[in-house]
Amino acid sequence: MRLTHFSYQVDFPTGFPPDWANYVDRWYQLDAPAFALAELFWLNRKSLMKFPEWIFLCSPGASNITDAEFARNPQPSPAKFVHTLPNIRSAALLQVMQWAGPVLCLQNDPNTILTGLREALTLSENGAGTVWVASVTGGAREPTAHLFVIDETGKLKIEKTALPVMANDMAHDNDWLSWILNKKSEPFRGSGLWIE
Amino acid sequence: MIHINSYACATAAGDSTASLWQELQNPPDYSKREFLFHGDRSPVVRQLLTEKLTMCFQNVELPAGRLGVILASTKGFSNDFIRDAEATEIKVDPLTPLLDDFLARTGLTPERRLCVSNACSSSLAAMRLAQFWLNEGLDQVLILAADAVTPFVEKGFQSLNLITKDYPRPFAGDRAGFFLGEAAACLVLSKDRVPTSVRLLPVGLDTEGSAVTRTGSSSQSLIRAVSRIPGVPRARSIDLVIAHGTGTPVNDSTEDLAYATLFNASLMKPSLTGSKWRIGHTLAVSGAIDTILACEALKRNESFCLQTTERIDPALQCDYLTPGKKTASILRVLISSLGFGGMHAAAVIEPPAALA
């Protein structure tokens, strides 16, 4: 098994159309997480040529930030409301990928991402092939998108293709990897910004 | 093989599966407008949904063994805190604490637990995850599904102009949307069989990545979801489809196009029906409710009609159960769920002794 981590932090809104604007109808209505995921894929598309059999979307805090923006707005926008479903942030990613397939949106705060990684590893181990875990952390102005690519080739190791944006993650790789591989349900006890 | 061994639900049609089935046999009395658990909204949503899930759980059989629990919901209890909290202070998703509350109240200690939020296809997506878990060694998985109609959700759907001003009439030519409904449900999935088991074939999922449902592309996505179910539609014929059937122009056209395409070559074409005309659109729970109704239809060898739909939209191609129409016999039922984000799901149930 191999786990490769891609990440990218976006200053949102960007103020100019993204390079992938032609792939996403009304891209300017996207919320920050949806924009960040699409941008991350686009920037790394040459390294992400092998598409997954499954995508797990794991969003710490679900769509709470977008929910709060929608609730505070006295004139509700239909486009904003659609983004209050936490699964919607994957829609732009799929359009930019030009891919369709099974997506599972998982929540298990404060271990949402780690649980998703564990589920994805288990599924891949059991013959599902390549599984991606997509996630967005951070606030509405500077969201960080993550793509973890899990494939079945080789011995389990972790690779990073971007500078780690999460403090401590190098130091704690072994901690969370151990937790992912442990099939029990105790919460993760280590530290790191994934555990928000 | 995975089986559905036990289930229970609470809807606007009552706190039991029997009452729901009974209510679906007759035209509704919309003057009551009973789509909510509590009209006064006095309990907070977190407490309300925990109570309803616990009540449903008391009506299912859950043998001892290695257990997984999955909660399916679109918004959980987000309405309880989203208006009062600064976004930066909100650290926890609005589903996981609801699952925590349920587990604390019931004393269950599952080996695996998760929440699934695949919009209105969440229940069927949760069943697919449960099938993975069972194949990986768990003895049974308890699926929980719950959603409430909160001011937040109402405001959103009103902004989308999807709420009908009179009454829902799925697949009618003059259909104009739905009412929102509240519901909770529990299903027990297991590899073991009990006398009342029905077999659940591997659930088909497909996501096409559009923000909202669009007839052309979404039909293709639903077709792909159905086609991921082994043997469907060729080796396994379908007698009854419990469609998502929201009663919006786009949703119903999408499903009709998908099923007309899928069953075009079938000698025996399925009849289509739905439940939302009576209990409203119960969002993430709708797939669970319709699966329960499919189990009942199979066991009773009976169906239920679209009681509020007098005339089917002439542009639609499939066979629909309008008032007075019945199916001949029911050996296999297909359930579909369509979700925003282009998240589509389909499940098929059949008797345990059917074609393996």
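Key figures
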read-out	value
Residue match in region B:132-153 (condition: modelled with pLDDT of 95 or more, outside any strand (DSSP E or B) and within 13 Å of B:Ile4 (Cα to Cα))	yes
Subset tally (residues that are more than 7 Å from chain B (Cβ to nearest Cβ), farther than 13 Å from B:Gly339 by Cα and part of a loop (DSSP other than H, G, I, E, B)) for region A:83-100	2
Residue pairs meeting the criteria (Cβ under 7 Å; at least 6 apart or on separate chains; first more than 24 Å from A:Ile180 (Cβ to Cβ), in region B:102-119; second among the hydroxyl-bearing types (Ser, Thr, Tyr) and part of a helix (DSSP H, G or I))	B:Phe102/B:Thr50; B:Phe102/B:Thr54; B:Arg105/B:Thr50; B:Arg105/B:Thr54; B:Thr106/B:Thr54
Flag for A:Asp67 being facing another protein chain (nearest Cβ under 9 Å), acidic (Asp, Glu) and in a loop (DSSP other than H, G, I, E, B)	no
Residues of region B:106-150 satisfying the condition of being more than 9 Å from chain A (Cβ to nearest Cβ), of a type in the set (D, E, K, R) and in contact with a helix residue (DSSP H, G or I) (Cβ under 7 Å, 6 or more places away or on another chain)	B:Asp147
Single unsatisfied condition, A:Trp42 versus (1) part of a helix (DSSP H, G or I); (2) farther than 21 Å from A:Pro102 by Cα; (3) among the aromatic types (Phe, Trp, Tyr)	(2)
Unmet criterion (only one of (1) buried (at least 24 other Cβ atoms within 10 Å of the Cβ); (2) more than 7 Å from chain B (Cβ to nearest Cβ)) for A:Arg72	(1)
Count - residues of region B:136-179 that are within 30 Å of B:Arg193 (Cβ to Cβ) and of a type in the set (Val, Ile, Thr)	2
Hits in region A:103-131 - residues which are crowded, with 20+ Cβ neighbours inside 10 Å, touching a strand residue (DSSP E or B) at 6+ places or on another chain (Cβ under 9 Å) and assigned to a helix (DSSP H, G or I)	A:Thr112, A:Ile113, A:Leu114, A:Thr115, A:Gly116, A:Leu117, A:Glu119, A:Ala120, A:Leu121, A:Leu123, A:Ser124
Residue identified as within 29 Å of B:Val226 (Cβ to Cβ), of a type in the set (A, V, I, L, M) and surrounded by 19 or more Cβ atoms within 10 Å (Cβ to Cβ) among A:Leu3, A:Leu37	A:Leu37
Exclusive hit being small (Gly, Ala, Ser) and surrounded by fewer than 21 Cβ atoms within 10 Å (Cβ to Cβ), set B:Ala243, B:Ala260	B:Ala260
Some residue of region B:326-339 being under 22 Å from B:Thr261 (Cβ atoms), buried (at least 22 other Cβ atoms within 10 Å of the Cβ) and polar (S, T, N, Q)	yes
So B:Thr291, is it assigned to a helix (DSSP H, G or I) and more than 26 Å from B:Lys165 (Cβ to Cβ)	yes
Residue check, A:Arg72 of a type in the set (Lys, Arg), without any contact (Cβ under 8 Å) to a residue 12 or more places away in the chain and more than 18 Å from B:Ala211 (Cα to Cα)	yes
Test result for B:Ala345, buried (at least 24 other Cβ atoms within 10 Å of the Cβ) and assigned to a helix (DSSP H, G or I)	no
Qualifying position, being basic (Lys, Arg), more than 7 Å from chain B (Cβ to nearest Cβ) and closer than 26 Å to B:Ser123 by Cα, among A:Arg118, A:Arg45	A:Arg118
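Residue-by-condition table, conditions (1) over 19 Å from the mean Cα position of the chain (by Cα); (2) among the polar types (S, T, N, Q):
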site: B:Lys299; (1), (2): no, no
site: B:Cys305; (1), (2): no, no
site: B:Glu310; (1), (2): yes, no
site: B:Cys318; (1), (2): yes, no
site: B:Val333; (1), (2): no, no
site: B:Ser336; (1), (2): no, yes
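The values are calculated or read from the model by the stated rules, or taken from the named source; none is laboratory data. Note that the structure is a prediction, hence the values are computed from the model and not measured. Positions of Cβ are generated from backbone atoms using ideal geometry, with glycine treated the same way; all protein chains shown enter the neighbour counts.
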